[in-house]
């Protein structure tokens, strides 16, 4: 068998780890906090609130095809508003960015999310 060494890659460059996938931020406590909030769209608290993860027009931040967005990009939606969003209702879809920012604001004010800056500990770029 004639083997061309030009196409030989080191172990580091072989297999599925060639382009590593971004890791989602997951936090069950944060999702529980969200599910106890009123619906970000209609403000109902009817016991059907779920943490909806970013979708549709914000797809670059939602993790891509078949990948759920990080939990930081979640908002509280009741069953009806959640259903409307997944059916393509622009009156809900277009407000996802604002809903997430409002959710993050409430979470930081309640102390559910806090940030401790650690300079140079992580390479973020």
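Since every read-out is calculated from the coordinates, none of them should be taken as a lab result. Quick caveat: nothing in here was measured; it's all calculated off a predicted structure. Ideal geometry is used to build each Cβ from the backbone, glycine not excepted, and the neighbour counts take in all protein chains shown.
List of remarks:
- Overall shape: oblate for the stretch 33-109, with the ratio a/c of the largest to smallest alpha carbon gyration tensor axis at 1.5 or above and b/c at least equal to a/b.
- Label zone at residue 28 (point 7 Å along Cα-to-Cβ), backbone N below 19 Å, the stretch 79-120: 112-113
- With each label modelled as a point 7 angstrom along the Cα→C-beta vector, the residue 94-residue 44 pair spans 2.2 nm.
- For a paramagnetic label modelled on residue 83 (point 7 Å from Cα along Cα→Cβ), amide N atoms under 17 Å away belong, within the stretch 28-42, to 39-42.
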